[in-house]
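Structure record follows, encoded as structure tokens.
The values are calculated or read from the model by the stated rules, or taken from the named source; none is laboratory data. Note that the structure is predicted; figures quoted are calculated from it, not measured. Note: ideal-geometry Cβ built from the backbone for every residue, glycine included; neighbour counts use all protein chains shown.
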Amino acid sequence: MTETLESRRAAARLQIYKTSPELLDAMLSLSNVASKDIDVELGELIKIRASQINHCAFCLDMHMRDARKHGVSEQKLDLLAAWQEAGDLYSEREQAALALTEAITELNNGHVPDDVYNRAAAAFTPRELGQVIAMAVTINAWNRINVATRQPPRAALT
């Protein structure tokens with residue numbers, strides 16, 4: 001039987017941010033630290049791409065809205081799932097960050113491939129590279145919490 005949004009909403013899940021407010025505080029702290037020194041538009045692309053892979057509707061809804069507010073073009077948002085096929089639409093830094101984000105999110109080989117890591121290391125300073133890694137790890141944590149507890153997107157709450 002296929003689940004619908006209604007049946008998913010009806011299945012009561014833990015309201016984790018209410019039962020564990022310290023988790024929310026810690027995650028918000030981690031998010032703030034991870035986003036230091038990273039261009040806001042690049043950060044939103046990282047968050048959206050990981051959230052697409054992880055099927056996190058809550059985070060997709062939030063970060064698509066945020067990306068638009070911060071001036072990310074509709075074309076970049078529309079083509080993000082196929083960024084590798086989009087030619088020069090994404091800068092080398094964006095491409096390197098997106099490739100690294102995908103590798104961190106999927107971990108298909110049990111590790112981040114050297115070529116992906118080296119591409120990102122060439123595109124960013126060591127400090128920036130650490131921030132990109134931290135941002136990808138952080139959004140993956142948010143995604144997993146929100147998917148596990150089935151947090152509905154804001155649009156579904158109104």
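Results for (1) modelled with pLDDT of 95 or more; (2) surrounded by 14 or more Cβ atoms within 10 Å (Cβ to Cβ), shown as yes or no for each residue.
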residue: Ser7; (1), (2): no, no
residue: Ala26; (1), (2): yes, no
residue: Ser51; (1), (2): yes, yes
residue: Met62; (1), (2): yes, yes
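Rundown of residues vs (1) part of a helix (DSSP H, G or I); (2) touching a residue at least 60 places away in the same chain (Cβ under 8 Å); (3) more than 16 Å from Asn143 (Cβ to Cβ), yes/no style:
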{"residue": "Lys36", "(1), (2), (3)": "no, yes, yes"}
{"residue": "Leu80", "(1), (2), (3)": "yes, no, no"}
{"residue": "Gln84", "(1), (2), (3)": "yes, no, yes"}
{"residue": "Ile104", "(1), (2), (3)": "yes, no, no"}
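Looking only at residues in the range 100-158 that are within 20 Å of Gly43 (Cα to Cα) and charged (D, E, K, R), the one that is surrounded by the most Cβ atoms within 10 Å (Cβ to Cβ) is Glu102. Residue pairs whose Cβ atoms lie under 6 Å apart, sitting 6 or more positions apart in sequence or on different chains, and linking a residue in the range 127-146 that is without any contact (Cβ under 8 Å) to a residue 24 or more places away in the chain to a partner that is surrounded by fewer than 22 Cβ atoms within 10 Å (Cβ to Cβ), are Leu129/Ala121.
For the range 86-99, the candidate set comprises residues that are free of Cβ contacts under 8 Å to residues at least 12 places away in the same chain and in a helix (DSSP H, G or I); within that set, the residue that is nearest to Val40 (Cα to Cα) is Asp88. Taking every residue in the range 10-24 that is farther than 16 Å from Ala141 by Cα and pairing it with any residue that is at pLDDT 90 or above and part of a helix (DSSP H, G or I), at least 6 positions away or on another chain, the pairs with Cβ-Cβ distances below 9 Å are Arg13/Ala148; Leu14/Ala148; Lys18/Leu24.
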